[in-house]
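What follows is a set of notes on a single structure, which appears directly below.
The values are calculated or read from the model by the stated rules, or taken from the named source; none is laboratory data. Because the structure is a prediction, the values reported are computed rather than measured. Backbone-built Cβ (ideal geometry, glycine too); neighbour counts: all protein chains shown. Ligands, DNA and RNA are stripped out before the accessible areas are found, and what is left, the full protein with its side chains, is counted by its heavy atoms. Shrake-Rupley method; radii C 1.70, N 1.55, O 1.52, S 1.80 Å.
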Amino acid sequence: MPPLSRLLHYLTAVFLPFATVAPACAASPRHVTIAVGTAVLNADYPMLTLPQSLGYWKSAGYDVQVEPVGASQQALQQMVSGNAQFAQVNASVIVQADTTHGLGVRVAMENAATDWSIAVPADSPIRTATDLKGKTIGVFSLATGGILLLNSYLRQNGLNPATDVSLIPLGLGAPPVQALGHGQVDALLYWAAPMAQFDNVGLKLRHITPPDWPTYPDFSLSVMKDTVAADPDMVVAIARGMAMATVFAEANPTCALRWFWHDHPEARGTNLDDETQLRWGLHSLTAELASQHNAFVLNGGQNWGEAQPAGFERLQTLLHDAGLIPGTIPATDYMVRIPDYMRRVNDFDAAAIREQAARCTIP
């Protein structure tokens, strides 16, 4: 295995920030912006990158710009302030926005079930929530949605998140690897795709995952209630493109990864051979796809992107019982209310998409 410094250099290169710009359309497509709760839009977001690569949104008449803006709360702020029509965020942030502030945020798609975990070195004595008392935990940012889950877990086990643990924002790439490897933090709180990257560079981790976490909705496409009322067809079209991209990526993850590298050659590291880059990239991407498929199964296994009130009911109950939201609302209020919404979102030829993925024609 290459030395740690080389691996850290690779990670830093892979996670350099950049924005994805939609191609121009001769038919004067309508401009749409999706703010994404991440600092870096990488290959682990095929539902957001492939619709541009494959022209799904363009063919529907939309020029879509996908903008990584930081953490989930920052993405939500961009949408609420009118700078974006959609925000891709953690589901807990949607619940918090509606129960605490009454913002009228709606769920256009549930793209993944919760895949967060608390990772510690394999030989760490930390095994339970109570073992985290007095410890320092590295997180993506102090506004990331996973912190709500962590705080709930700590409170359920008699700890005060405000005083019993310390959180340090580390972002993505090399910093969390360095912080854990050098003992600057005792644990990491991240979702599955970054955890896979940590595996790639040789961190030996043991994961603490509360058994209920995988049952909650997580990364979701959100939209304002007023936007749904004003332009339901646009909401359907954007969600449909993402559903099509998800089918494509599941059918051929390798092709999805190669498409991303084709469109963003700067995202590839320069210090590893092609075989290693492909293996590492697929390890991270398949972790994300597993979370997407888990959401698909949890929500009935019929429609890509479907969100159901029951899942959001469980999530808001968890957050309320932990004292993290002041009250609850009818879970149906989180849902987009468009007639035949999920049927329209999934109104495409999935078999043809899978055939397209199998051919994997990249210019």
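Some notes on this structure:
- Note on the range 253-348: enclosed helices (runs of 4 or more DSSP H) holding 2 or more residues that are closer than 20 Å to residue 92 by Cα are 274-298, 309-321.
- Among the candidates 70, 104, residue that is modelled with pLDDT of 95 or more, at positive phi and not aromatic (Phe, Trp, Tyr): 104
- Scan of the range 85-120 for residues that are part of a loop (DSSP other than H, G, I, E, B) and either over 12 Å from the mean Cα position of the chain (by Cα) or farther than 15 Å from residue 188 by Cβ (or both), ordered by number: 85, 90, 102, 103, 104, 111, 112, 114
- Considering the conditions (1) out of contact with any helix residue (DSSP H, G or I) (no Cβ under 9 Å at 6 or more places or on another chain); (2) in a helix (DSSP H, G or I), residue 123 is excluded by exactly one of them, (2).
- The lone exception for residue 229 - which of (1) part of a loop (DSSP other than H, G, I, E, B); (2) of a type outside the set (Asp, Glu); (3) surrounded by fewer than 19 Cβ atoms within 10 Å (Cβ to Cβ) it fails: (1)
- Single condition residue 32 does not satisfy, out of (1) under 22 Å from residue 191 (Cα atoms); (2) open to solvent by less than 20 Å² (accessible area, probe 1.4 Å): (1)
- Pairs where the first residue, in the range 56-71, is farther than 15 Å from residue 29 by Cβ and the second is in a strand (DSSP E or B) and at pLDDT 95 or above, C-beta under 8 Å, 6+ apart: 67/33; 67/34; 67/35; 67/36; 68/36; 69/35; 69/36
- Count of the range 39-84 residues, restricted to those that are polar (S, T, N, Q), surrounded by fewer than 21 Cβ atoms within 10 Å (Cβ to Cβ) and in a loop (DSSP other than H, G, I, E, B), is 2.
- Scanning the range 232-284 for residues being open to solvent by less than 50 Å² (accessible area, probe 1.4 Å), modelled with pLDDT under 90 and β-branched (Val, Ile, Thr) gives a total of 1.
- Test: residue in the range 294-304 that is of a type outside the set (Val, Ile, Thr), over 16 Å from residue 112 (Cα atoms) and crowded, with 18+ Cβ neighbours inside 10 Å: no
- Answer residue from the range 130-149, given it is at pLDDT 95 or above and hydrophobic (A, V, I, L, M, F, W, C) and is farthest from the chain's Cα centre (by Cα) among those: 132
- Candidate set from the range 169-189 (those that are within 15 Å of the chain's Cα centre (by Cα) and at pLDDT below 95); member that is nearest to residue 286 (Cα to Cα): 172
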